[in-house]
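One structure is given below, encoded as structure tokens.
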Amino acid sequence: MSYSQGMLKEDVFKGKVMVVTGGGTGLGKSMATYFSKLGASVVICSRKFEVLEKTAQEIHDLTGNKVLPIACDVRIYEQVEQVINETERLLGPIDVLLNNAAGNFVSPTERLSHRAFDTVVDIVLKGSYNFTLAMGKNWISAKRPGTILNIVTTYAWTGSGYVVPSAAAKAGILAMTRSLAVEWAKYSIRSNAIAPGPFPTEGAWSRLLPGSLKKKYDPALKVPIGRVGDHQELANLAAYLVSDFSAYINGEVVTIDGGEWLKGAGEFNELDKVPDELWDAMEMARNKTGSKLKIAWAYFKGIRKIKK
Ligand code: HXC
Ligand code: NAP
């Protein structure tokens, strides 16, 4: 058994129809692939139709199940409604909405134009509420249950410099997730979110670690578990949260980051840089068990290790 294997039983999603925004690439593609492997009919939508078409064919070849690519800019409400109508016409009523599409880049905030700020907030927050609103209206008027899963990130609650439009937008999605979990529960609509830490994707890595940043900054070093995420472990979590196995989970945000954000938050977590020699020296001094020379030598060795 390993985290890079699928977790749920084959065919658990047979008969289900699931829409994945931004499903042509990266994490959206991985989650859509797993939903399809589990038997779902999947719609993937984003702006670039050629990319979607290629991914849809790839997933279908792998799983044999229906995968429908539909071009859509999530910022435009009418296009979102078209995705829902087209899906229902070709595949039947929708069971699951996965709001995964996003836009992001790193920049000092004062260097951003107001259009740059709009662009990220519109893709991330407006895109998610457009789909959520259109889907919610659809489910409520048809008296059908539904499940919403939103992809946020851990800086939705900590905030983060240099990605301020994304942080503000993801925080908005988190607030929407929790608000609707309560308001729409009476319609049998559940809302949950996943907050991933670093998972390698071309889309995120190229925009968040551009140029020489890639060489200087290894995301795995910030993660207590010592590695970045594997797409399958995110897909496993997403599949669980959109399945009926998680029927009692509503309004939750599940972090999947190997402990990364807590490492940055805990007051003394940086002490993991303190080597054993220094802890030995402090212990000897505290318990008066070492000679002055021995203690000084242990300090010296410890400090030399930190400097390295
Ligand atoms: C500053 C920038 C910029 C940059 C674009 N702009 N890139 N400003 N730094 N790197 C500005 C432009 O100059 C323009 O403003 C405005 O933003 C709109 O730019 P366009 O290129 O016209 O926008 P568009 O074609 O809609 O593309 C959207 C995009 C692009 C966000 C800029 O990168 C994209 O398509 N991204 C989609 C995929 C993506 O970003 N994936 C990563 C998700 S990762 P002006 O004023 O000049 O008109 C993620 C991870 C989170 O979310 C957590 C990780 C741990
Ligand atoms: P990605 O491959 O760049 O995925 C983003 C997707 O969004 C693309 O498929 C893109 O397709 C689509 N998209 C962008 N603008 C759109 C628009 N206006 N309308 C419709 N679709 C649009 O990046 P990723 O890393 O897989 O990110 C997926 C999700 O995970 C995002 O929500 C991201 O914030 C989140 N996340 C990622 C990480 C990570 O480490 N990778 C960490 C935390 C959270 P088109 O270009 O075809 O439109």
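Taking all protein chains in place and a 1.4 Å probe, what share, in percent, of the accessible surface of the chain do carbon and sulfur account for? That fraction is 56 percent. The rule of thumb for compact globular proteins, 2.2 N^0.38 Å, goes into the C-alpha radius of gyration of the stretch 207-298 1.73 times.
What pairs from Lys222/Lys301; Lys16/Lys48; Lys29/Lys263 go past 27 Å between their alpha carbons? Don't skip to the end; give the middle numbers.
Working: Lys222/Lys301 25 Å; Lys16/Lys48 25 Å; Lys29/Lys263 29 Å.
Listed pairs above 27 Å: Lys29/Lys263.
In the chain, inverting the average of 1/r over every pair of distinct C-alpha atoms gives 21.2 Å as the Kirkwood radius. Once you order the gyration tensor axes a ≥ b ≥ c over the Cα atoms, which shape class does the stretch 1-133 get: rounded for a/c under 1.5, otherwise prolate or oblate by comparing a/b with b/c? Cα axes put the stretch 1-133 in the prolate bin.
Distance between the 7 Å Cα→Cβ label points at Ile76 and Lys307: 6.2 nm.
Accessible surface computed residue by residue for the stretch 94-229, with neighbouring protein chains in place and a 1.4 Å probe, gives 47 Å² per residue. Spherically averaged projected area of the convex hull of Cα atoms, the stretch 144-227: 7.0 nm². A Förster distance of 25 Å, applied to the separation of the beta-carbon atoms of Lys54 and Arg207, puts the FRET efficiency at 0.75.
Projecting the Cα atoms of Val242, Val274, Gly302 onto the dipole axis of the stretch 232-308, where Lys and Arg carry +1 and Asp and Glu carry -1 at the beta carbon, places Gly302 farthest toward the positive end.
Between Ala265 and Tyr240, what FRET efficiency comes out of the Förster formula 1/(1 + (r/R0)^6) with R0 = 30 Å and r the beta carbon distance, rounded to 0.05?
Once rounded, the FRET efficiency stands at 0.70.
Lysines within cross-link reach of Lys170: Cα-Cα under 17 Å, excluding same-chain residues under 8 positions apart? Partners within reach: Lys126. Counting only Cβ charges, +1 for Lys and Arg and -1 for Asp and Glu, the dipole size of the chain around its Cα centre is about 1000 debye. Compute the Kirkwood hydrodynamic radius of the stretch 109-162, taking the inverse of the mean of 1/r over all pairs of distinct Cα atoms, and give it in Å to one decimal. Its Kirkwood hydrodynamic radius stands at 13.5 Å. Could I get the Rg over Rh figure for the stretch 177-217? Both from C-alpha atoms, Rh via Kirkwood, rounded to two places. For the stretch 177-217, the value is 1.34.
The values are calculated or read from the model by the stated rules, or taken from the named source; none is laboratory data. Bear in mind that the values here come from a model prediction, so they are computed numbers and not experimental data. Every residue, glycine as well, gets a Cβ built from its backbone with ideal geometry; the counts of neighbours run over all protein chains shown. Areas reflect the complete protein model, heavy atoms only, side chains present, ligands, DNA and RNA absent. Shrake-Rupley method; radii C 1.70, N 1.55, O 1.52, S 1.80 Å.
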